[in-house]
1. Taking residue 133 as meeting all but one of (1) at pLDDT below 95; (2) farther than 21 Å from residue 544 by Cα; (3) buried (at least 21 other Cβ atoms within 10 Å of the Cβ), write down the number of the exception.
2. Could you check the stretch 682-755 for helices (runs of 4 or more DSSP H) lying wholly inside it with 3 or more residues that are closer than 30 Å to residue 653 by Cβ and aliphatic (A, V, I, L, M)?
3. In the stretch 132-167, which residues are part of a helix (DSSP H, G or I), small (Gly, Ala, Ser) and closer than 20 Å to residue 264 by Cα?
4. Exactly one condition in (1) surrounded by 21 or more Cβ atoms within 10 Å (Cβ to Cβ); (2) in contact with a Phe, Trp or Tyr (Cβ under 8 Å, 6 or more places away or on another chain) is not met by residue 87; state its number.
5. Kindly list the number of the only condition in (1) surrounded by fewer than 21 Cβ atoms within 10 Å (Cβ to Cβ); (2) out of contact with any His (no Cβ under 9 Å at 6 or more places or on another chain); (3) modelled with pLDDT of 95 or more; (4) more than 27 Å from residue 721 (Cβ to Cβ) that fails for residue 627.
6. Could you run through the stretch 211-259 and say how many residues are part of a helix (DSSP H, G or I) and of a type in the set (Lys, Arg)?
7. Would you tally the residues in the stretch 228-255 being more than 19 Å from residue 316 (Cα to Cα) and loosely packed, with under 14 Cβ neighbours inside 10 Å?
8. Got a sec? Which of 40, 80 is surrounded by fewer than 18 Cβ atoms within 10 Å (Cβ to Cβ), more than 30 Å from residue 305 (Cβ to Cβ), among the small types (Gly, Ala, Ser) and at pLDDT 90 or above?
Amino acid sequence: MDKSISISTPLVPPPPPRKQGCIRSIFRLLCCCCVKNSLSIRTERKKFWVKIRDRLLKKKHFDQVYITLLNLYSHQHVISDLEKCQVSPDFRKKKREDLEFYVPQLCNLLLFGFLDHNEDLIRAVLEFCKTSFHFSHRVYWFLKSTDFSLLDLPGIDPDHLIESVEKVSQESHPIYLGKGTELFQLMVSMGMEFNLNSSKKSFSDILEEEPEDIAILRDLIHEYNLTGKVESDIPDKINPKYIPLNPFPKGNIVDGYHSTLWFVEKLTQISIRILHSPKKSETLKEELKELNQLLPACAYIPFNNPIARNCAVLHIIANEARVFTTKERAPYKICVEIFRPYEELLVLDPSKSASALDRRSASVPSVRSFHLNKTVIEEIKSETTDDGFDEIIKAIQKESETNRKHRETIDVARSRPPALSSSYIHYDRLSIFGQPGNGDLEAVYGGEEEDDQTDKEESIDETNKRAIFKESFKEMAERIRSKSPFGKLKTWDLLHIIVKSGDDLRQEQLAMQLISFFQQTWREKKLDLWLYAYDIIATGEGCGILECVPDAISIDGLKKDLPTDQKTLHHFFQMQFGGEKSKRSKRAKREFMKSLAGYSLLCYILQIKDRHNGNILIDRHGHLIHIDFGFMFSNSPGGNINFEKAPFKLTDEFERVLGGRRSKLFIEFRSLCVKGFIALKEKAEQIVLLVEMMRFGSGASLGCFVGGEEVTRGLRERLLPRESMSEGDCKEYINLLIDESLDNWTTRCYDRFQYCCQNIFY
C-alpha cells in the first residue's frame with residue numbers, strides 16, 4: 001500500500017453531532033430500539049457476523065472477495081487480504097470476483113460498521129480509488145446518492161470521505177485526458193504497430209501530417225455540434241490523435257478526475273430543468289445542443305462493459321433524444337456517440353492485431369521495460385505517481401486484450417437487446433397506489449412521447465402487419481454512423497442512456513446487483529435460465545442513469561399497438577415470428593420460456609411486486625424483461641397491503657405461448673425452474689448476506705427494508721424452505737409454486753385494476 005496515505009491523524013473524522021428537536025429527543029427516550037446504547041447494538045451486530053462467518057466458512061467455499069468482505073463484517077483485521085483482491089472486473093470470466101461489484105457493501109461497512117481498524121480500511125479503499133478511477137467513481141456516486149440526514153449518524157463524516165476520495169483519485173485519471181498526440185507517441189514508443197490507412201507510413205510521417213487536418217476536423221466538429229448534421233464533405237479517415245479530448249468542464253473549472261462526474265451531473269440537471277417546460281422535447285434538444293459545445297471530452301459512460309468503460313464521449317444525437325411524460329419527473333433517453341482512444345491507437349491491422357496483442361499481453365511488463373520517448377513519459381508521469389502510471393499502462397494492455405477477445409460476444413448480446421423503437425412511448429401510468437418512483441421506466445418502454453413530438457407511427461392493422469420493432473439498435477447505429485464526422489473511427493459506437501431525476505435509484509441499483517448475481521450463478525452452472533442485467537447507477541440524491549434495454553417494448557405498449565382482435569401475446573408471436581412450426585417461432589418461444597423461468601424465480605425469491613404489463617417488456621427475440629423494482633422484499637403497492645399473493649406472475653396468456661400446461665415446452669419450463677432453484681439454493685447464504693449487508697446503515701432508508709429483520713428471514717426461508725432438501729423435494733416445492741401461480745386470481749384482479757384505473761392493458 002502507498003505509504004503516503006498513512007498519516008498519523010485520522011483520515012476521515014467522525015461527523016459532527018446533529019441537533020435534535022424536543023420531539024425527536026422524547027421519541028428516542030420512549031423507543032425501545034433507542035434505549036439500547038449504540039455500543040451494545042454494535043456489539044450484537046459484531047457477534048452476529050462472527051457467528052455467521054464461523055458457521056459458513058466451515059461449510060461453504062466462496063470467492064476471495066466475498067470471504068474477505070465477510071471477514072471484514074466480522075471485525076477481522078484482514079486488510080492484507082483485501083489488498084490482494086481484484087479491483088476491476090475481468091470480462092473474460094462468467095463471474096464477478098472484483099471489489100467494484102461489492103462497492104455498496106464495502107462503503108456501507110466503512111460508514112456504519114464501526115470497525116476497530118476502520119482507519120486501515122479507509123486507507124485501503126482510498127488506495128483502490130487511487131489506482132482505479134472506475135472504482136473511485138463508483139464510491140463517489142454511492143456516497144453522493146445517500147441522504148445521510150435520514151439515517152443514524154455514521155461512524156465517519158461522509159463529506160470528508162468524499163473529499164478524501166477526490167483528493168487521492170485526482171492523481172490517477174486516465175492517460176488520454178487531453179493528450180491525444182502524447183498517447184499516440186506513447187503507443188508507438190511501446191512498439192505498437194499502426195495502419196491508419198491502406199498505405200504504410202512511418203511514425204515521423206504521421207506526426208508531420210498537414211496542419212489543415214486539424215483545422216478541417218475542428219470545423220466539422222463545430223458544425224456537427226451546432227446543427228446536428230454535417231453538410232461539408234467528411235474525410236475518408238480521421239486521425240484519432242487530432243480529436244480534442246479535454247476534461248469536461250464545470251463553469252471555468254477543468255479537472256480530469258471530475259470530468260465524467262460533471263458530465264453525468266449535467267445530464268441529470270437537464271432532467272430537472274425540462275420538468276416544468278411546456279415544450280419539454282424542444283427544451284431537451286436545445287439543452288443537449290448546448291451541452292454538445294463542450295464535446296468531445298474525456299468523459300466516459302460508466303456502464304459495466306468494456307465498450308463503455310474505456311470510451312470517450314464524442315457527441316450526443318440531440319434529434320434522437322426522447323423525453324417522457326410523468327407527473328413528477330421528466331426522464332429522457334439519449335444516444336451518445338463514443339470511441340475508445342486506447343484501442344483506436346492500438347494495432348489496427350486485422351492481420352497482425354491478434355497475434356501482436358496476444359504476444360504483448362502474455363506478460364505485462366512495467367513501463368520501464370519499454371523504450372519510451374522520455375519527454376512524453378515525463379509529461380504524462382507528472383500528472384500521476386510512479387505506481388499509478390505503471391497501473392494505467394498495465395490497465396491499458398489488459399483491458400484492450402479483454403475488449404478484443406470479447407468484442408464479438410458483446411456485439412452479439414447487444415444485437416439482441418440497447419435501443420428502443422421511438423414509436424412505442426405512451427402516457428405515463430403512475431401506479432394508482434402511489435409508489436416510490438414507479439412509472440418512469442414504464443413511460444420509456446411503453447408510452448407516448450411529449451405532445452410536441454410529431455413523428456408518431458400509425459398502429460398496426462390487419463392489412464398492414466408491419467414489424468412491431470422498428471429500427472433496431474444496429475440499424476440506428478449504422479444510420480447515425482454514416483452521417484457522423486466521427487463515423488470513420490475504428491472503435492466508434494453508439495450507447496443508449498436513460499437519465500432520471502427526482503427518484504431514488506438506490507433500491508433499483510441493489511435489485512440489479514442481485515439480478516446480476518442470479519445471472520452469474522446460472523451461467524456458472526451452464527443453465528439456460530435468462531435474465532437481462534442492465535446497469536443502474538444512482539449518481540446523486542434522487543438522480544442517476546440507466547442503461548437502455550435494447551429493442552424492447554412493454555407488453556402494455558405492445559397490446560395498445562396490436563389490432564383490436566389480436567391483442568394477445570399468442571397473436572404477437574404469430575405476427576412477429578411466423579407460424580407455430582417455423583424455426584423462428586420455435587426459437588422465440590424457447591427464449592420466452594428461458595426468460596420466464598429466470599424472472600419467475602427472481603420475482604418469487606426477491607418478492608418483486610407491481611408486476612402489471614407496463615413493467616414487463618418483451619424484446620425482438622421473444623425474451624421477457626422485468627423493469628421497475630420499486631417494490632420488493634417487504635414493501636408493496638397500496639401501503640404494503642401485499643395484494644399480489646401469487647409467488648410470481650404466470651398468466652394463462654404466458655401459458656398459451658408455451659403451448660399449454662401439458663406441452664413439452666411447459667414441462668421444460670418446470671424443469672428449468674427446478675434446476676435454477678437448486679443452483680440458487682447452493683448460493684443461498686451468500687445471497688442472504690449480500691442483502692443483510694445493505695439492510696442497516698445506508699440501506700435503512702430504502703423502502704424494501706421496511707420489514708426489518710423479517711426481510712432476510714423471509715429471504716432465507718424462500719431459498720431454504722427446509723435445511724435438507726433432495727432434488728425431489730426441490731422439484732415438489734417449485735412445482736407447487738408454479739401451480740399456485742398459474743392464472744392466479746390475485747394476478748388477474750391486479751391486472752384488471754391497473755387497466756381500469758391506469759389504462760394498462762392486460
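1. Condition (2) is where residue 133 drops out.
2. Numbers: elements: 684-695, 709-719, 727-741.
Those helices (runs of 4 or more DSSP H) span 727-741.
3. Step one: of the stretch 132-167, the residues part of a helix (DSSP H, G or I) are 133-144, 148-150, 158-167.
Retained after the next criterion (residues that are small (Gly, Ala, Ser)): 136, 149, 164.
Matches in the stretch 132-167: 136 only.
4. Status for residue 87: all satisfied but (1).
5. Going through (1) surrounded by fewer than 21 Cβ atoms within 10 Å (Cβ to Cβ); (2) out of contact with any His (no Cβ under 9 Å at 6 or more places or on another chain); (3) modelled with pLDDT of 95 or more; (4) more than 27 Å from residue 721 (Cβ to Cβ) one by one, residue 627 breaks only (1).
6. Taking the stretch 211-259 as the starting set, the residues that turn out to be part of a helix (DSSP H, G or I) are 212-227, 240-242, 259.
So of that shortlist, the ones also of a type in the set (Lys, Arg) come out as 218, 241.
The total comes to 2.
7. The number of residues fulfilling the criteria is 8.
8. Numbers: 40 fails: at pLDDT 90 or above.
Every option except 80 fails the conditions.
The values are calculated or read from the model by the stated rules, or taken from the named source; none is laboratory data. It should be emphasised that the depicted structure is a prediction, and the values quoted were computed from it without experimental measurement. Don't worry about glycine lacking a Cβ; one is built from the backbone with ideal geometry, like all the others, and counts go over all protein chains shown.
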